[in-house]
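To start, the structure under review is shown below, and the notes come after it.
Read the figures in this text as sums done on the coordinates, not as results from a lab. Just so it is clear, the structure is predicted and the values come from calculations on it, not from any experiment. Quick reminder, even Gly has a Cβ in these numbers, built from the backbone with ideal geometry, and neighbours come from all protein chains shown.
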Amino acid sequence: MDYDVIVIGSGIAGTLAAINAAKTKKVAVVRKGFGATALSSGAFDIASRAGKRGRPFKGFVNLTEAIGNILENEQYHPYSLLSMAFSGDRFNEFTSMMKTIGDQFFNELASAGVRYEGSWENNVIIPNQHGTFKVTSFCQSSMTSGNLAKLMGRSVLFLGFEKTAIHNKTRAEFLSKILTKYGFASFKNISYANLNLHAHGIKCNEHDFISLAAMMDNPEQAKKILTIIQQSLEAMEYDHAFLPPIMGISNYGDVAKMFADYFGERVSEFLSPPSSAPGLRLQYALDKLLVRHGVKIIDGQVSSDNPSDTIKTITLSRKDGSSVSLSAGSFVLATGKFITGGIVNTKAWQEAVFGLPVFIGAQPVQDAFPMNYLTDDPFDEQILFSLGLKTDESLRPVDADNRVVYRNLYAAGSVLSGYNYIYDKTGMGTAMITGAKAGIFSAG
Ligand SMILES: Cc1cc2nc3c(=O)[nH]c(=O)nc-3n(C[C@H](O)[C@H](O)[C@H](O)COP(=O)(O)OP(=O)(O)OC[C@H]3O[C@@H](n4cnc5c(N)ncnc54)[C@H](O)[C@@H]3O)c2cc1C
């Protein structure tokens, strides 16, 4: 046997699975590339929607209340499934498990250069580039001071770059209007300004936050851009200024500190659109954790053709056209959903590596027409996004008769059904907790 455990996928779910299994076992992660984790905005959603499905948006809620609502109302959500292991006070025991796993993980990430901040009690409200905002639970440390809930009555300034001009009067006014409408915050003043980096001799693509952030990884360039921002802000009136997410990628910790040392809490980054420097920061930090925990990272696309109820080997196809067979005692499937090809619709909807059946709630959806699960109201829940694998309480995928398909296969993250990260706002939280638990289960 090559490994005790092989994890397929290295997003947040696969990494949590691998580092937990690696505490006692010999583990490899195989991946064909980066997925949704590397595209994520810098926000780490645990839960932020209170109330039953179909109820209007309630917005900023107590995090523990939002978790409680999921356990009470969302029968198929992975949080509810994992809470079934507790016989006493399900809510308290599940929340405490989530906090323990989360705190440990955030500490590890911080030691790998990316600090997430937030609390297990209250969510935060962080703006994005669209002139709207996101209610989320944790965010990268360079974003924390931009919690709009705490900036009530202050003057806020949005700073962009001339060519992108993402901050303009319309967006500033729109943000102001919706925040006031929902009673989240009203500001003394919202203004915007766009810097022309080229006029300051910086040759860059101002359209592209990733390349700007990569440029900031170089300490000399970071210092130059920081000085331009300082000089520009000195001439402006503001209590808090928001910058695009450009504070470095692989050298994020140092760049964010440089800004914090100079501006304190007066400047923060807003959330990123995809492609995302904050997403790449997170993914690179995850890779560091894999290496630190002794997990072997192998590149390639996995496929499998297993006739029995136990998986013995998987096939790995490499970019150079070669392929190799890898064996393990157990496997974790953390292949993501649509954008990574974890779930596909070729002739029918199915999971891509093992051909496992997929579900929405308890219902198998093999032949479903996608439009049946989408509505034309953008504020409705689009239940197509909750499509994925159904599992038993140990996260082993089951078929339509609730029979475990492979006794040594566990699944984690967005390949699972029962939650809808767009609607529940539990994207990272679900990937983290199911990843950690799948790793523990797979290690026996
Ligand atoms: C654009 C975007 C923005 C988001 N923003 C946020 C946010 O701000 N906050 C939040 O909480 N959530 C957000 N989410 C949701 C969140 O990012 C996901 O729920 C989470 O990252 C899923 O992690 P994962 O590990 O399950 O999957 P992924 O990160 O998608 O990882 C899947 C992995 O599987 C690998 N893989 C797939 N198939 C194979 C194969 N056959 N062989 C080998 N490897 C394979 C991929 O290469 C990849 O490594 C966002 C999602 C998207 C798409």
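Summary of computed values
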| quantity | calculated |
| --- | --- |
| Gained length - ALA400 relative to GLN382, 0.36 nm times residue gap less alpha-carbon distance | 4.2 nm |
| Mean separation of Cα contacts under 8 Å, 6 or more apart, over the residue count of the chain: relative contact order % | 24 percent |
| Ranked by how many other beta carbons lie within 10 Å on average, peptides 297-308, 100-111, 349-360 from highest | 349-360, 100-111, 297-308 |
| Dipole of the chain, positive end: most advanced residue of GLN366, ALA438, MET236 [Cβ charges, Cα centre] | MET236 |
| THR310 paired with GLN75, simple spin-label distance in nm, labels 7 Å along Cα-to-beta-carbon | 3.5 nm |
| Tail fraction, Cα-Cα pairs, the stretch 144-270, threshold 24 Å, whole percent | 26 percent |
| Inter-label distance for SER119 and SER96, nm, one decimal - labels placed 7 Å from Cα along Cα-to-Cβ | 2.1 nm |
| Shape category assigned to the chain from the gyration tensor of Cα positions, a/c cut at 1.5 | prolate |
| Rel. contact order, % - alpha carbon contacts under 8 angstrom, at least six apart, the stretch 144-270 | 32 percent |
| Order by protection proxy (mean Cβ within 10 Å, highest first), peptides 225-235, 4-14, 68-78 | 4-14, 68-78, 225-235 |
| Degrees between helix 219-234 axis and first principal axis of the chain (Cα, 0 to 90, nearest 10) | 50 degrees |
| ILE339-GLU393 pseudo-label distance in nm [points 7 Å out on the Cα-to-Cβ vector] | 3.5 nm |
| Aspartates and glutamates with Cα under 14 Å of LYS26, excluding same-chain neighbours fewer than 8 positions away | ASP2, ASP4 |
| The stretch 103-157: relative contact order in percent, alpha carbon pairs under 8 Å with at least 6 residues between | 30 percent |
| Cα-Cα over 28 Å, subset of LYS150/LYS181; LYS177/LYS425; LYS32/LYS312; LYS99/LYS177 | LYS99/LYS177 |
| Estimated FRET transfer efficiency (ALA348, GLU173; beta-carbon r; R0 45 Å; 0.05) | 0.40 |
| Extended-chain gain in nm, criterion 0.36 nm per residue less alpha-carbon gap, SER111 and ALA85 | 6.2 nm |
| Crossing angle, helix 63-73 versus the chain [Cα axis fit, 0-90 degrees, rounded to tens] | 40 degrees |
